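To start, the structure itself, in structure tokens.
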């Protein structure tokens with residue numbers, strides 16, 4: 001016991017002067033980063049940062065782990081401009097070097113108009129021709145516009161309204177507050193467009209459980225926040 005305590009003290013002194021817990025933190029960061037393309041999706045860039053005092057790192061208790069992703073390709077085909085995960089209360093078994101638990105994880109997802117429009121551009125509907133579909137984000141509302149082809153002529157339409165949380169992993173256009181121009185207030189076209197907008201933020205097929213807490217619409221951008229359980233990010237192999 002005394003030898004172990006002495007070793008820890010020496011390590012702490014050494015770490016304090018040279019930052020040598022970074023190899024441990026970097027190894028954990030690298031291990032997490034390596035599995036992100038598989039469990040979340042390909043991205044332009046992933047960054048992982050372990051922020052922790054040296055003595056707690058040695059004990060396997062990590063105060064905070066931050067994961068950020070840029071241009072992340074979700075499995076439903078949507079490209080997310082920015083993904084941010086903040087993991088707190090992370091515990092690692094220092095003997096087996098395996099993840100034991102994560103107390104809490106919060107996420108923020110940001111999607112821009114161009115990526116939403118790219119996601120919607122190839123959508124078709126049986127028996128109807130819709131073209132030039134575009135989504136615009138304003139303060140607290142979203143507008144879907146386009147043309148419905150009738151007898152060879154493109155008839156403009158526009159749907160405007162807020163989004164609301166419809167379940168732990170789902171958003172939907174608030175049907176009770178929609179303003180509709182150029183389309184019937186009921187019917188398969190309106191239902192189709194609403195459904196396509198709903199799938200933009202459908203987190204039910206995500207690689208690990210995510211629960212929506214808030215949706216914000218700002219000019220040009222959709223922002224989702226909530227909590228998650230990212231334990232499946234890591235498998236049973238050692239972190240380092």
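Restricting attention to segment 201-233, which residues are surrounded by 20 or more Cβ atoms within 10 Å (Cβ to Cβ) and either in the same structural domain as residue 165 (by TED's automatic domain parsing) or outside any helix (DSSP H, G or I) (or both)? 201, 203, 210, 212, 222, 224, 228, 230 - these are the residues of segment 201-233 that are surrounded by 20 or more Cβ atoms within 10 Å (Cβ to Cβ) and either in the same structural domain as residue 165 (by TED's automatic domain parsing) or outside any helix (DSSP H, G or I) (or both).
With the condition kept exactly as written, say whether any residue in segment 119-126 is touching a helix residue (DSSP H, G or I) at 6+ places or on another chain (Cβ under 6 Å), touching a residue at least 40 places away in the same chain (Cβ under 8 Å), surrounded by fewer than 15 Cβ atoms within 10 Å (Cβ to Cβ) and over 25 Å from residue 55 (Cα atoms). Yes, segment 119-126 contains a residue that is touching a helix residue (DSSP H, G or I) at 6+ places or on another chain (Cβ under 6 Å), touching a residue at least 40 places away in the same chain (Cβ under 8 Å), surrounded by fewer than 15 Cβ atoms within 10 Å (Cβ to Cβ) and over 25 Å from residue 55 (Cα atoms). Considering only residues in segment 78-110 that are outside any strand (DSSP E or B) and farther than 17 Å from residue 45 by Cα, the one that is modelled with the lowest pLDDT turns out to be 97. Among the residues making up segment 118-163, a single one is over 23 Å from residue 79 (Cβ atoms), at pLDDT below 80, touching a strand residue (DSSP E or B) at 6+ places or on another chain (Cβ under 9 Å) and assigned to a loop (DSSP other than H, G, I, E, B): 129. Working only within segment 31-60, note down all residues that are more than 15 Å from residue 85 (Cβ to Cβ) and modelled with pLDDT of 85 or more. Within segment 31-60, 34, 42, 44 meet the criteria. Looking across segment 190-200, just one residue is over 19 Å from residue 137 (Cβ atoms) and either buried (at least 17 other Cβ atoms within 10 Å of the Cβ) or touching a helix residue (DSSP H, G or I) at 6+ places or on another chain (Cβ under 6 Å) (or both), and that is 190. Residue 65: out of contact with any helix residue (DSSP H, G or I) (no Cβ under 8 Å at 6 or more places or on another chain), within 19 Å of residue 209 (Cα to Cα) and free of Cβ contacts under 8 Å to residues at least 40 places away in the same chain, yes or no? It is false that residue 65 is out of contact with any helix residue (DSSP H, G or I) (no Cβ under 8 Å at 6 or more places or on another chain), within 19 Å of residue 209 (Cα to Cα) and free of Cβ contacts under 8 Å to residues at least 40 places away in the same chain.
The values are calculated or read from the model by the stated rules, or taken from the named source; none is laboratory data. Since the structure is predicted, the reported quantities are computational estimates derived from the model, not experimental observations. Don't worry about glycine lacking a Cβ; one is built from the backbone with ideal geometry, like all the others, and counts go over all protein chains shown.
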